[in-house]
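See below for the structure under consideration.
The values are calculated or read from the model by the stated rules, or taken from the named source; none is laboratory data. Being a predicted model, the structure only gives us computed values, none of them experimental. Remember, those area values only see protein heavy atoms, side chains included, never the ligands or the DNA or RNA. Shrake-Rupley method; radii C 1.70, N 1.55, O 1.52, S 1.80 Å.
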Amino acid sequence: MKPKTIRITYWVLTILFALAMLADSYGGITQQQAGKDVLQHLGYPMYALIIFGVAKLLGAIAILQTRFNTIKEWAYAGFAFNFIGAIASRAFAGDEMGLLIPPLVMLIIMFITYYFWKRYDQFNPNIITNA
């Protein structure tokens, strides 16, 4: 792939992923009823909704910034833990397979954005790796 194609693909996927995380973050921070219902079903305390929402907000900001790779790595790791935790929580709660698919799809999308970030990063000289 050409560097320009990698750059465009990276930014399109990353922006779409970040928008999805920002929307989910908003739902958590504002304590939307759907989020409350899911947390209650899974047995988590209600205050976790705000914690998860703030973490997703910070993670989305971190993956959109282009200067500090270490912060971006941590954000991707946090999102991976989030989606794996969501899959495991749903599975342990006895939910049907269809409810495990959305976090699995988001995990796959996240890994694709991560892959393109690493490819794009090879061509980006404006980064600080030791942040």
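For this structure, a couple of remarks:
- Mean residue ellipticity, 222 nm, helices only, the chain: the sum of -39500 (n - 2.57) across DSSP H runs of n ≥ 4, divided by residue count and rounded to 500, is -26500 deg cm²/dmol.
- In Hz, Karplus ³J(HN,Hα) per residue of region 107-118 (6.51, -1.76, 1.60; θ = phi - 60°; x = Gly, Pro): 4, 5, 4, 4, 5, 5, 5, 4, 4, 5, 4, 5
- Debye intensity ratio in log₁₀ form over the Cα atoms of the chain, taken at each q of 0.14, 0.15, 0.19 Å⁻¹: -0.66, -0.74, -1.06
- Expressed as a whole percent, the accessible surface of region 44-93 that belongs to carbon and sulfur atoms is 79, based on a 1.4 Å probe.
- Accessible area per residue, Å², the chain with all protein chains present, probe 1.4 Å: 60
- Under-24-angstrom lysine pairs by C-alpha in the chain, whenever the two are 8 or more apart or on separate chains: 8
- Separation of region 1-38 and region 63-85, taken as the distance between their Cα centroids, equals 12 angstrom.
- Subtracting the Cα-Cα distance of LYS4 and ILE101 from their residue separation scaled by 0.36 nm leaves 31.7 nm.
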